[in-house]
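Chemist: I'd like to ask some things about the structure below.
Laboratory data are not the source of any read-out in this text; all were calculated from the coordinates shown. Note that the coordinates shown come from a computational prediction; the quantities given were computed from them, not determined experimentally. As a convention, Cβ positions derive from the backbone with ideal geometry for all residues, glycine included, and neighbour counts pool all protein chains shown.
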Amino acid sequence: MNTIAENLKRLEERIEKAALISGRKKEDIILVAVTKNVEPERIIEGIAAGIKIIGENRIQEAEEKFKFITRDVEKHLVGHLQTNKVKKTLELFDLIQSVDSLHLAQEISKRAEEKGRFAEVLIEVNTSGEVSKYGVKSEEVSNLVEQISELGNVKIKGLMTVGLLTDEMDKVRPCFVKLRSLFEFLKNLKKENVEMKYLSMGMSSDFEMAIEEGANMIRVGTAIFGARR
């Protein structure tokens, strides 16, 4: 069995190759190591091997595990967020990647104001049209960004999507093309509190394709830590 360090090295080589295809360098791609169902000691091992950012899906699991993670590492929420968990989320995470409604953004802004801070978020977009997935519809993104930009304590830092869950990769690519198009369009939106900095798309099964289509942030778990229990 490969060590986490070996997996990371192999992953970085794959990232570099995909980046070159899109005319970029490995350093242009931000890796978020998804640690869902990964034990704290293995996360710590990964951080020692070079992981700079970890992503968690669930608030309760993150709260338990973060008690053991004392080394300096950035933390992202990459899973669905309910409004009743916003207060705790702002205590635990540096970036929320999964904002998909004005109601949720309003609660985030309210709780951030109480703490005297700004909350940085990505807008999650459902680019595949799958009803089982979270995320705002592609055609509603611009309007949602406009509305959230008016909130006092939320800063939009980019977009996020999850590609179509299928083995037919030719059906996955359009999801990434669509998000890149939205990202480029919204870059021209001159709004306070909006900076299209991060294009977060691609996971263990499809990150190379996502990078080829413009992703500058990928969320990878299995390729680093192995299959989840």
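Chemist: Looking at region 144-182, which GluC sites (Glu not before Pro) are DSSP coil and have at most 15 other C-beta atoms within 10 Å of their C-beta?
Modeler: Taking region 144-182 and a limit of 15 other Cβ atoms within 10 Å, the loop GluC sites (Glu not before Pro) found are 150, 168.
Chemist: Report, in deg cm²/dmol and to the nearest 500, the calculated mean residue ellipticity at 222 nm for the chain, where each DSSP H run with n ≥ 4 adds -39500 (n - 2.57) and the sum is divided by the residue count.
Modeler: When only DSSP H runs of four or more count, the value is -11500 deg cm²/dmol.
Chemist: Could I ask something else about it? Determine ³J(HN,Hα), in whole Hz, for all residues of region 210-221 in sequence, where each value follows from phi through the Karplus function 6.51 cos²θ - 1.76 cosθ + 1.60 and θ = phi - 60°; x replaces Gly and Pro.
Modeler: In residue order, the calculated couplings are 4, 5, 4, 8, x, 4, 10, 9, 10, 10, 10, x Hz.
Chemist: With +1 on each Lys and Arg Cβ and -1 on each Asp and Glu Cβ, and nothing else charged, work out how big the dipole of region 4-225 is about its Cα centre, in Debye to the nearest 20.
Modeler: Using only the charged Cβ atoms, the result is roughly 320 debye.
Chemist: Once Cα extents along the principal axes in Å is worked out from the coordinates, which option in [x] 49, 41, 31; [y] 67, 42, 28; [z] 50, 37, 36 does it equal?
Modeler: Among [x] 49, 41, 31; [y] 67, 42, 28; [z] 50, 37, 36, the one calculated here is [x].
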